[in-house]
1. Hey, how many Å between the Cα centroid of the stretch 141-204 and the Cα centroid of the stretch 36-95?
2. Just need log10 I(q)/I(0) for the stretch 84-229 at q = 0.11 Å⁻¹, Debye formula, equal scatterers on the alpha-carbon atoms, no solvent, rounded to two decimals.
3. Counting only heavy atoms of the protein chains, get the accessible area per residue of the chain (1.4 Å probe) and round it to a whole Å² value.
4. If contacts are Cα pairs under 8 angstrom and at least 6 residues apart, what is the relative contact order of the chain in percent?
5. Going by amide H atoms built from the backbone, whose H comes under 5 Å of the H on Leu61, apart from near neighbours?
6. Counting pairs of Cα atoms in the stretch 82-160, how many percent are more than 14 Å apart?
7. Using a 1.4 Å probe on the protein heavy atoms only, what accessible surface does Ser243 show? Give it in Å² to the nearest 10.
8. Taking just the alpha carbons, could you work out the radius of gyration and Dmax for the stretch 2-63, both in angstroms?
Amino acid sequence: MPEGDAVHRTAARLRSALDGRVLTRSDFRVPRHATADLTGREVLTTLSRGKHLLTRVEGGLTVHTHLRMDGSWRIVAPGARVPPGDQVRLILANRDCTALGRKLGMVDLVRTEDEARLVGHLGPDLLGPDWDPDEAVRRLREAPDRTIGEALLDQRNLAGIGTIYRAETLFLRGIWPWRKVGEIEDLGGLVSLAQRLLAANLEHAGTVTTGDRRPSNATWVYGRAGRPCRRCGTRISRGEMGSQPQERLILWCAGCQPR
Ligand SMILES: [Zn+2]
């Protein structure tokens, strides 16, 4: 599942493909906006906000997309064959390139002035220009009885963390994922570490938290269930957090992250 750093990189690719260029084609393959046509409008820019993408278009419109579980934006040459099937949900093209939004979990078209309705609830964006660790901590502290694992995924507290960065950040701070928010003294240090981990992965694909880019060495606990902890040798545990149907994967080391 794409996390904040991947969404941020996607926004950068969309900016270089679309910004300042006039759309020669738009194709919304979702029932709600099937008749929308942005042809002739210039694309102003694309912003990422947490895991949301906002593509602003001339005339006060914003295309809102979300990658959800396995969505992506691919940039291809004009006239390139669009893959058959229903995987492509949105096409935005100009004279120089075509952007294909595949398997997008959300495709919406709203007035730019209404963007806040889509993303106004989000906490500070870990990769945004307005990142504010104090505000993130303040929001986390509002629910001291929640588990830290669930609170870190709640995008209303801070925006951009998914299951990988949650697991890796908690491991590096030695925090058991089910510990209550109110029991953690240095929440500021925790969110700042998460921010540094995401920022360190902005320039390349993939998630590296160990400093070692080799795929089998890139993470401490994520993707390593049953294998020995790199620090203490304890087998990495795997479980789920949260209540159905929103339970999400968590990995941890019982040695380094004791109860
Ligand atoms: Zn360990």
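The values are calculated or read from the model by the stated rules, or taken from the named source; none is laboratory data. Small disclaimer: the values here were computed from a predicted structure and weren't measured. SASA here: full protein model, heavy atoms, side chains in, ligands and nucleic acids out. Shrake-Rupley method; radii C 1.70, N 1.55, O 1.52, S 1.80 Å.
1. The distance from the Cα centre of the stretch 141-204 to that of the stretch 36-95 comes to 30 Å.
2. -0.55
3. 48 Å²
4. So the answer I get is 16 percent.
5. Counting only residues 5 or more places away or on other chains, the set is Thr112.
6. Looking at the stretch 82-160, the distances longer than 14 Å represent 72 percent of pairs.
7. Spelled out: Ser243, probe radius 1.4 Å, area about 80 Å².
8. Considering the stretch 2-63 through its Cα atoms, Rg and Dmax are 12.0, 32 Å.
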